[in-house]
Every structure is written in structure tokens, then in C-alpha cells.
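Colleague: Pasting a structure below so you can have a look.
The values are calculated or read from the model by the stated rules, or taken from the named source; none is laboratory data. The model shown is predicted, which means the values in this text are computed figures rather than measured ones. Note that each Cβ is placed from the backbone with ideal geometry, even for glycine, and that neighbours are counted across all protein chains shown.
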Amino acid sequence: MAEAKTSRLKDRPLSPHLQIYKPLLTMMMSIVHRITGGALFFGMLLLVWVLIAAAAGPNAYASVQWFMETLLGRLILFGYTWALIHHMLGGIKHLIWDLGYGFGPVEREWLTVATLIGSIGLTVLIWIVGYLVMGGIR
Amino acid sequence: MAPRVFWHQRLTAVANVPLTIALIVIVIGLMGRNHAAVVQILGSTLVALTMLLFIVTSAYHIVARHAGHHRGLCARRDLEARHPDAQHVLLVRVGLAAVFAILKLSFGL
């Protein structure tokens, strides 16, 4: 009796889930847009920490300066920069779609690729400018 | 998403584009500077205004689903409106703290 039940349960068809879909770039960038949005929530916490530390006084701000000198701090800042720009470019892509443009099969792929290439390129560019302003890698 | 939420999301998104660019410029300007320079930069009128607008617009952009939907303000009282979630509350507090910090820096207190 128990065996018949288990074999019946095993034979029962399962509804298809994410694994049936071919991971298209537009799909991947869509979830990345949401993930970068979530990351920016934490980025805002970082930004507000810097502001409050600056307002609190030199001792509090010293911890911000220390953190920004560490490798982890710089990695987080780099990630925040990329998340910010990628979310911004993705948002502009959505605004273009809201206006009704760019839905064709070629355009939507091009828009999506442009978002990704643009965000990586702009992040690197911004960091190069940042280091130049600081007078080289310190 | 309600149409009003959709529109508010789009409005804050558009407003955030120049604000984000300005934020990046400001942060680059703050890098490597000592505390006195940072206070002067963040306290200057234009920078302070930009930071204020960015904080407020971004916070609203994140929680637009829940903002304004309190008892009495929203006639429909759908389920989504009844429970401001932890993220919403956290952002309001974080946003207020940031606004306070910026104002403190601006007025030189």
C-alpha cells in the first residue's frame, strides 16, 4: 500500500519552473535590475553613514577614511558605483520602453547590451577619473 | 502596481538621473580629502541641496509602493496599503538622519 502511494507521488507531473527557460540576456538583466536596486538600498546606508560621520566630527569621519583606504572598502565602493550606474541605465531603458520605443527584436537586445556595456564602461571611466583627481593610486 | 505608484516611480526615476550624476561628481570630489574639506564641501549650498534631493528622491523611489497609503489618505485600503514594512520604516529613519546630518553640516553646527 505504501509503495503504491510513493510511486503515484513520484509519477505526478510537476509544474515547470525557471529551469525550462533559456536564459536570455533581457531576462538576466531584468533580474539584475532588481538586484542592483536591492544593493542600492545598502549603498544608501553606506552613503548616509558617511554623511552622519562627517556631521558628527573628525573622530567619526576618521573611521570612514580608514574604511575607504581598505581593499574591502574600495571593492564595496566600486560595486556601489557599478550598481548605481547599471540601475540608472536600466531605468533609462525602462523609460524608453515606457514611451513605446525599442520593443522590436533587434532594438530590445541592443538596448540591453548597451545597458551592460555602458555600465561597466562608465564605472571604469569614473574610477579612472576618481584616481586621477586623487593624484594616482594611493 | 497602482497607476499612481507607477507614475511616482517614473517621476522619481527621472529626477534621480541628474541627481545621481551629481552625486558621483560630489563623491569623487570628497575622495581622499580631510575632514575639514569634506565639511566645507558638503556644507556648501549647492552640494547640500543636491545631497538632500538625492536622499529624499531615492528614498521615495524605493518605498513608493507604501508611501502615502495610510488610513484616511487612501480610500481603497487594499491589503498592500495597511502594512508599511520594515524597509519602509528603516528608510524613513535613515533618510531623516541623513537630512539632519546635511542640515547640520550646512548650518555649521
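Colleague: Residue by residue through region B:7-43, note down the ones that are small (G, A, S) and either loosely packed, with under 14 Cβ neighbours inside 10 Å or assigned to a helix (DSSP H, G or I) (or both).
Modeller: B:A13, B:A15, B:A22, B:G29, B:A36, B:A37, B:G43
Colleague: Determine whether A:Y101 is at the interface with chain B (Cβ under 8 Å from one of its Cβ atoms) and of a type in the set (S, T, Y).
Modeller: So A:Y101 fails the test.
Residue by residue, here is whether (1) at the interface with chain A (Cβ under 10 Å from one of its Cβ atoms); (2) under 17 Å from A:A56 (Cα atoms) holds:
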| position | (1), (2) |
| --- | --- |
| B:Q9 | yes, no |
| B:V14 | yes, no |
| B:P18 | no, no |
| B:I28 | yes, no |
| B:L42 | yes, yes |
| B:L49 | no, no |
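Colleague: Counting only residues that are surrounded by fewer than 16 Cβ atoms within 10 Å (Cβ to Cβ) and not β-branched (V, I, T), which one in region A:69-93 is farthest from A:T123 (Cα to Cα)?
Modeller: Among them, the one singled out is A:E69.
Colleague: Something else: Residues to consider are B:Q9, B:Q40; find the one that is closer than 16 Å to A:G91 by Cα and out of contact with any Gly (no Cβ under 6 Å at 6 or more places or on another chain). Write out each step before concluding.
Modeller: Values: B:Q40 fails: closer than 16 Å to A:G91 by Cα.
From the options B:Q9, B:Q40, the qualifying one is B:Q9.
Colleague: Can you tell me which condition A:T81 does not meet? The list is (1) at the interface with another protein chain (Cβ under 8 Å from one of its Cβ atoms); (2) free of Cβ contacts under 8 Å to residues at least 40 places away in the same chain, and all the others hold.
Modeller: Looking at each condition in turn, A:T81 falls short on (2).
Colleague: Can you find even one residue in region A:126-138 that is over 28 Å from B:W7 (Cβ atoms) and within 19 Å of the chain's Cα centre (by Cα)?
Modeller: Yes - at least one qualifying residue is present in region A:126-138.
Colleague: Are any of the residues in region A:63-71 over 11 Å from the mean Cα position of the chain (by Cα), over 19 Å from B:M31 (Cα atoms) and not acidic (D, E)?
Modeller: no
Colleague: Name the residue that is surrounded by the most Cβ atoms within 10 Å (Cβ to Cβ), counting only residues in region A:115-137 that are in contact (Cβ under 8 Å) with a residue 12 or more places away in the chain and more than 12 Å from A:T26 (Cβ to Cβ).
Modeller: Out of the qualifying residues, it is A:S119.
Each row is one residue, and each column tells you yes or no for (1) hydrophobic (A, V, I, L, M, F, W, C); (2) outside any helix (DSSP H, G or I); (3) more than 23 Å from A:L46 (Cβ to Cβ); (4) at pLDDT 95 or above.
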site: B:V5; (1), (2), (3), (4): yes, no, yes, no
site: B:L49; (1), (2), (3), (4): yes, no, no, yes
site: B:H61; (1), (2), (3), (4): no, no, no, no
site: B:L90; (1), (2), (3), (4): yes, no, no, no
site: B:G95; (1), (2), (3), (4): no, no, no, no
